[in-house]
1. Want the number for K5 to H39: 0.36 nm per residue separation, take away the alpha-carbon distance, what's left?
2. Can you give the Kirkwood hydrodynamic radius of the chain from its Cα pairs, in Å with one decimal?
3. With the other protein chains left in place, how much accessible area per residue, in square angstrom, belongs to the stretch 144-233 at a 1.4 angstrom probe?
4. For the chain, with all protein chains present and a 1.4 Å probe, just round the carbon and sulfur fraction of the accessible area to a whole percent.
5. Roughly what angle does helix 321-333 make with the longest principal axis of the chain, taking Cα atoms, 0 to 90 degrees, to the nearest 10?
6. At 7 Å along Cα-to-Cβ for each site, give me the label-to-label distance between K200 and Y82 in nm.
7. Can you list the residues, at least 5 places off or on another chain, whose amide H is less than 5 Å from the amide H of V99, using H built in the peptide plane?
8. Send over a whole-number figure in Å² for the accessible area per residue of the stretch 48-135, probe 1.4 Å.
Amino acid sequence: MTIEKVNIDTAAPDNPEASILLIYTGGTIGMAYDENREHLVPFNFSLIVEKVPELGNFRYLLSVINMDPPIDSSNVSLKEWYMLVQLIKENYAAYDGFVILHGTDTMAYSASALSYMLENLQKPVIFTGAQVPIGRTRTDARENLISALQIAAKKINGKSAVPEVCIYFHNLLIRGNRGKKVESRYFNAFKSENYPVLAKAGIKIDYTWHAIRPHAEAHFKVHEHLDDRVAILKLFPGITAATIKSILHIPDLRGVVMETFGAGNAPTWPWLLNLLQDAIDRGIYILNVSQCDEGRVDQGRYETSKYLLNMGVIGGADITTEAAITKMMFVLGLKLDKQKTKELLGSNLRGEISI
Ligand code: ASP
């Protein structure tokens, strides 16, 4: 992978209102239809700049890093997250904000991962993308990109207005670790789960100030290690012992995000409880996440979750699966002792759960 940084010609490069680093990773926003292969394939970001001449009107210093080759976000892995936090770390002092162009498919995972990896963030890191490629007449890319840049540039009393990792999509600014892709055909691709949107763009951009995280007092810190020895176990009526065993006995497994029913309920079949207890006894952390989009895990409310609470399954509150699996990777990557690991998995680290 090669990294190339270029400045865009803008209206005020010498006396800019704000400086923004745009990082292009790929996704539909920068795809074109390949007639021969008969599907959408990523193309070079320099073509995106040609397609949005409005970028030149901004009174910003606008630099662009083009990830080469750009990828469909279905191919995102820890390698790209490490690269993104490394780029932000290297450029942190020089820019007021960061906009990451990313495919929508895994954007909520990437935004969640970065929210943990960038601790005490004082500047905005806004993910955006599009449902229709930038070259198409009905593209949503232009509005998404332009508003994301304006939000990243917004300051109040000289400080960034939104010092968080966010997703901006189809008029909504969403906390990154609360976002979920809920739509693949229409423009409203993302929803904020269990948390108010941070801003809504119409004629003006209306910010929900009380929902935005305050500026951290402590120093910005970048975490560059995640633990990928994790799995997601989604329960369903009729799930067999063989299926559960095959997941809980993955060699070297360290953590499981278990998607349960309703308020965190699971079947009370003895063989299931024995398998879960055995996994916990072998040192595997299990984080209980609800399959419901809204609402929260409340272990102990029903008999069907009391067993989980008693055996040491950790309640995930109102976290999304995307934020939970990346939280598991992050917390395990810190290599803390058992008590501290359990404590962090159940606590609010970056606004991903409501306490
Ligand atoms: N497959 C694309 C991606 O996630 C979809 C998109 O960008 O909307 O990269």
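The values are calculated or read from the model by the stated rules, or taken from the named source; none is laboratory data. Since the structure is predicted, the reported quantities are computational estimates derived from the model, not experimental observations. Reconstructed Cβ throughout: ideal geometry from the backbone, glycine too, with neighbour counts over all protein chains shown. Surface accessibility is based on the protein's heavy atoms, side chains included, excluding ligands, DNA and RNA. Shrake-Rupley method; radii C 1.70, N 1.55, O 1.52, S 1.80 Å.
1. Numbers: separation 34, 0.36 × 34 = 12.24 nm, distance 2.86 nm.
Contour length minus the Cα-Cα distance gives 9.4 nm.
2. On the way: mean 1/r = 0.0473 Å⁻¹.
Taking every pair of different Cα atoms in the chain, averaging 1/r and inverting gives 21.2 Å.
3. Working: 4320 Å² over 90 residues.
Dividing the accessible area of the stretch 144-233 by its residue count gives 48 Å².
4. Working: 7790 of 15570 Å².
Looking at the chain in its full context, I get 50 percent from C and S.
5. Between the helix axis and the principal axis of the chain, the angle is about 80 degrees.
6. Distance between the two pseudo-spin positions: 4.2 nm.
7. Those qualifying (amide H under 5 Å, at least 5 residues apart or on another chain) are L21, L22, I23, I126.
8. On the way: 2690 Å² over 88 residues.
Using a 1.4 Å probe on heavy atoms only, each residue of the stretch 48-135 averages 31 Å².
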